[in-house]
Amino acid sequence: MVSFSIWDQDPSDDEAIEKASENRTATHQDSDSKPAVKKKRKQPTECFLSQPEEKQESAVKAKRRKKKKISDVLQKSAPKPGVPADLQNLLSQHFGENRSVIEIEELKLSDSCFLPANDLTHSFSSYLKEICPKWVKLRRSHKEKKSVVMLVLCSSALRSLELIKSMTAFKGDCRVIKLFAKHIKIKEQMNMLEKGMFHIGVGTPGRVKTLVEQDALCLNSTKYMILDWNWRDQKLRRMMDIPEIKKETINLLEKSIIKLCRDGSVKLGLF
């Protein structure tokens with residue numbers, strides 16, 4: 001009988017036995033654990049470079065500049081001559097929310113209150129000659145101080161001077177008074193109206209309204225009131241497109257002119 005001693009066993013056999021036992025243990029643990037979940041591949045994402053702060057600010061400014069201005073709208077629109085209905089609609093829109101139906105009716109003007117409107121073919125002198133064929137007789141009969149026969153309203157002092165120059169062929173030797181605030185104190189205008197006699201007054205609605213309220217200018221002798229309706233400034237705005245001028249003109253019409261027009265003593269013209 002052959003006997004083997006433990007010391008006679010090959011050491012490599014022991015290592016093989018240990019590895020086999022370790023493999024069995026690992027297999028047992030893997031069977032008990034949950035199956036591994038496959039990781040989803042991440043979809044590639046696009047990368048955007050952030051703009052510098054200066055470029056972002058310039059982009060915001062560009063967006064702000066894209067807002068429509070009144071000059072942009074008016075520049076694209078074809079010029080149309082003003083008609084009495086335009087003034088009527090303006091008054092209705094202005095007073096529509098704050099006035100009753102009866103009050104709005106009292107502010108309406110009939111067609112007989114208006115002079116022929118400018119069809120954009122006239123110069124200022126030729127327009128005045130057409131609407132005032134008896135001007136020579138009217139100016140000769142005018143003797144009252146603190147009043148004018150014709151009142152012209154426009155948007156600025158500079159425009160007033162332009163109109164005064166352009167009416168040379170019409171006015172002849174008539175006396176014209178400047179009724180605007182720029183470079184002329186109201187006391188000077190009040191003294192001139194009180195001491196002198198003038199046939200035509202050209203100015204802005206704000207200064208004219210102030211003179212009327214202070215009884216420095218009386219409108220009882222006035223026969224014609226002309227609104228510089230169609231002219232546009234460098235920003236392509238008409239006088240009624242400028243909020244301040246529009247407000248002052250409507251206030252003057254409401255407080256003084258509309259009643260005189262309804263009574264038949266004053267005629268309105270849109271140049």
Restricting to the stretch 69-124, what's the tally of residues that are of a type in the set (Asp, Glu) and either touching a helix residue (DSSP H, G or I) at 6+ places or on another chain (Cβ under 6 Å) or modelled with pLDDT of 85 or more (or both)? 3
I'd like to check something: does the stretch 149-171 contain any residue that is over 31 Å from the mean Cα position of the chain (by Cα), among the polar types (S, T, N, Q), under 17 Å from Tyr127 (Cβ atoms) and open to solvent by 20 Å² or more (accessible area, probe 1.4 Å)? yes
Lys259 vs. criteria assigned to a helix (DSSP H, G or I), charged (D, E, K, R) and open to solvent by 30 Å² or more (accessible area, probe 1.4 Å): yes
Are any of the residues in the stretch 131-141 modelled with pLDDT of 95 or more and either part of a strand (DSSP E or B) or open to solvent by 60 Å² or more (accessible area, probe 1.4 Å) (or both)? no
With Leu138, Leu158 as the choices, which residue is out of contact with any helix residue (DSSP H, G or I) (no Cβ under 9 Å at 6 or more places or on another chain) and under 30 Å from Arg237 (Cβ atoms)? Leu158
Mind checking whether some residue in the stretch 210-221 is of a type in the set (A, V, I, L, M, F, W, C), closer than 21 Å to Ser92 by Cα, out of contact with any His (no Cβ under 6 Å at 6 or more places or on another chain) and surrounded by fewer than 20 Cβ atoms within 10 Å (Cβ to Cβ)? no
Looking only at helices (runs of 4 or more DSSP H) that lie completely in the stretch 143-238, which have at least 1 residues being hydroxyl-bearing (Ser, Thr, Tyr), within 21 Å of Ile258 (Cβ to Cβ) and touching a residue at least 60 places away in the same chain (Cβ under 8 Å)? none
Out of the stretch 153-166, which residues are within 21 Å of Leu193 (Cα to Cα) and in contact with a Phe, Trp or Tyr (Cβ under 8 Å, 6 or more places away or on another chain)? Cys154, Ser156, Ala157, Ser160, Leu163
If you go through Leu253, Leu227, the only one that is open to solvent by less than 30 Å² (accessible area, probe 1.4 Å) and touching a strand residue (DSSP E or B) at 6+ places or on another chain (Cβ under 7 Å) is Leu227
So which residues in the stretch 193-209 are hydrophobic (A, V, I, L, M, F, W, C) and surrounded by 19 or more Cβ atoms within 10 Å (Cβ to Cβ), if there are any at all? Leu193, Phe198, Ile200, Val202, Val208
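The values are calculated or read from the model by the stated rules, or taken from the named source; none is laboratory data. Given the structure is predicted, the values throughout are model-derived calculations rather than measurements. Please note: Cβ atoms are built from the backbone with ideal geometry, for glycine as well, and neighbour counts cover all protein chains shown. We work out accessible area using only protein heavy atoms, side chains counted, and drop any ligands, DNA or RNA first. Shrake-Rupley method; radii C 1.70, N 1.55, O 1.52, S 1.80 Å.
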